[in-house]
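A.B. asks: I'd like to ask some things about the structure below.
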Amino acid sequence: MAWPVMGGVIQVSPTSSLQQSMDEAPEGAVLNLGCGTYRGNFIVNKALHLKAEKPHCAQLDAGGTGHGLLLKASGIKIEGLSLVHWGRNLTTQDAGIYSDQQASQIVIRNNRLQGDGFGIWLQKGQNIEVIGNHIRGNTELRSADRGNGIQLSSVQQVRVEANDVANTRDGIYIISSQHNTLQGNTMHDLRYGIHYMYSHSNTVVDNLAYNTRAGYALMSSRNLTVEGNQSKDSEDYGFLMNFITSSNIRGNRISNVWTKPENKVVGREGKGFFVYNSAYNNISFNTVDTAEIGIHLTAGSEETRVFGNNFINNPVQVKFVSNTPREWSEEGTGNFWSNYLGWDLDGDGRGDTAFEPNDGIDGLVWKYPEAKILLDSPAVLMLRYIQRQFPVLRPPGVRDSFPMMNPISDESVSQALTARSLQ
């Protein structure tokens, strides 16, 4: 076949064989795909640059089975294409774009993907960029039967930036991966926006998740930097931390975490932060606004530093039962609590009396939820009064010795984070 090659650019049309064009193209060639539909499951076996003649006008239709594009080499660039109708078999990991060859120097940029299975699946590779892609799942399938939007498995040095993912199972799922950055992505109408498993030394910065069950589900991982992210309108969790250690969770904003009335059961409340069996973490300079429970720590999560946060309009600010007292301030900086009723006579911006969000009655209700019906009874009110008058009767728990009188501003948060990053 004669190639119309000019400067290494090969023009391909829907009436020609895209697979044959790729197989016969020289290493490093640019394949410029003309507008139209290319049907089949395509394999890229060498370093090629596939791009659409006009953004998204070239559509790859996989016919409902297998992968749309299977990448089997390093140095591949996929740009501006539209991929649709690949397979839905999650066992065989059907994906719009799939790489499982320890490949490197791959760029997947500004593509549109719409399908049932996984959107982009990268495995065992490194030095990869996934930037500006638009990924949509199939809402006619149950959430559990859909693939994840972007799946990273056993990868390193991958940058996932400015992607828009919706209606898949999870937006971005990462397992057994290190030294990756997720930045500026938007994820919505999902189970979890970002889901981490068995990974370490990763960065999650300036992402937005909304309309999820959990904005950020961080599990069985360590040394994560999670900074400047937003979680809005989640049903169960803004941030779910399960077996997370030695991580910095700072400067994030969580709002409106509320379980829908039709899904209400005893013990299911929307939680801004839910920290389970996680230790030696730093939760600082975050804002939790309008969650049923601001922050809930349980199952061995005592060794957690909590300071500089804003807890605003949460009916229950803290749910935490501890056998020993826990101080939630650092170097004179506590947290802002919208229900703090203390005063600031010396005008230093900090309350003159400590804030202790929970008492023995709270612990009793958490242990026996049926007791909630007694909360406004004279007997319970009297017990609360006695605990306040005789602190020796108060069980150990959270204490903020320097509660802030006003919410910590975005400018102050930015300054604090900058100062800490320079340390």
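The values are calculated or read from the model by the stated rules, or taken from the named source; none is laboratory data. This is a predicted model, so every value here is computed, not measured. Cβ atoms come from the backbone with ideal geometry, glycine included; neighbour counts cover every protein chain shown. Ligands, DNA and RNA are excluded from the accessible area calculation, which covers all protein heavy atoms including side chains. Shrake-Rupley method; radii C 1.70, N 1.55, O 1.52, S 1.80 Å.
A.B. asks: Looking only at the range 195-252, filter to residues that are among the basic types (Lys, Arg) and closer than 24 Å to GLU302 by Cα; which one of those is most open to solvent (accessible area, probe 1.4 Å)?
C.D. replies: If we take residues in the range 195-252 being among the basic types (Lys, Arg) and closer than 24 Å to GLU302 by Cα, then ARG222 is most open to solvent (accessible area, probe 1.4 Å).
A.B. asks: Quick one: in the range 293-313, which of the residues that are at pLDDT 95 or above and assigned to a loop (DSSP other than H, G, I, E, B) is surrounded by the most Cβ atoms within 10 Å (Cβ to Cβ)?
C.D. replies: ASN309
A.B. asks: Have a look at SER220, SER255 and point out the one that is closer than 21 Å to SER414 by Cα and assigned to a strand (DSSP E or B).
C.D. replies: Within the list SER220, SER255, the selection yields SER255.
A.B. asks: While we're on this one: Considering each residue of the range 23-56, count those that are in contact with a Lys or Arg (Cβ under 8 Å, 6 or more places away or on another chain) and outside any loop (DSSP other than H, G, I, E, B), and give that number.
C.D. replies: Residues in the range 23-56 being in contact with a Lys or Arg (Cβ under 8 Å, 6 or more places away or on another chain) and outside any loop (DSSP other than H, G, I, E, B): 9 in total.
A.B. asks: Among the residues of the range 57-89, which ones are part of a loop (DSSP other than H, G, I, E, B) and out of contact with any Gly (no Cβ under 6 Å at 6 or more places or on another chain)?
C.D. replies: CYS57, GLY63, GLY64, HIS67, LYS72, ALA73, SER74, GLY75, ILE76, GLY80, LEU81, ASN89
A.B. asks: Let me confirm something: among ASN45, ASN89, ASN41, which residue is under 20 Å from SER153 (Cα atoms) and open to solvent by 60 Å² or more (accessible area, probe 1.4 Å)?
C.D. replies: Matching residue, one of ASN45, ASN89, ASN41: ASN89.
A.B. asks: Could you tell me which of the residues ASP164, ASP116, ASP94, ASP100 is open to solvent by less than 20 Å² (accessible area, probe 1.4 Å), closer than 25 Å to THR65 by Cα and of a type in the set (D, E, K, R)?
C.D. replies: Matching residue, one of ASP164, ASP116, ASP94, ASP100: ASP94.
A.B. asks: Taking the condition of being in a loop (DSSP other than H, G, I, E, B) and open to solvent by less than 70 Å² (accessible area, probe 1.4 Å), how many residues in the range 258-271 meet it?
C.D. replies: The qualifying residues number 5.
A.B. asks: Restricting to the range 275-300, count the residues that are farther than 19 Å from ALA416 by Cβ and touching a residue at least 40 places away in the same chain (Cβ under 8 Å).
C.D. replies: Number satisfying all stated conditions: 1.
A.B. asks: Within the range 277-290, is there a residue that is modelled with pLDDT under 95, closer than 27 Å to LYS232 by Cα and open to solvent by 40 Å² or more (accessible area, probe 1.4 Å)?
C.D. replies: Yes, the range 277-290 contains a residue that is modelled with pLDDT under 95, closer than 27 Å to LYS232 by Cα and open to solvent by 40 Å² or more (accessible area, probe 1.4 Å).
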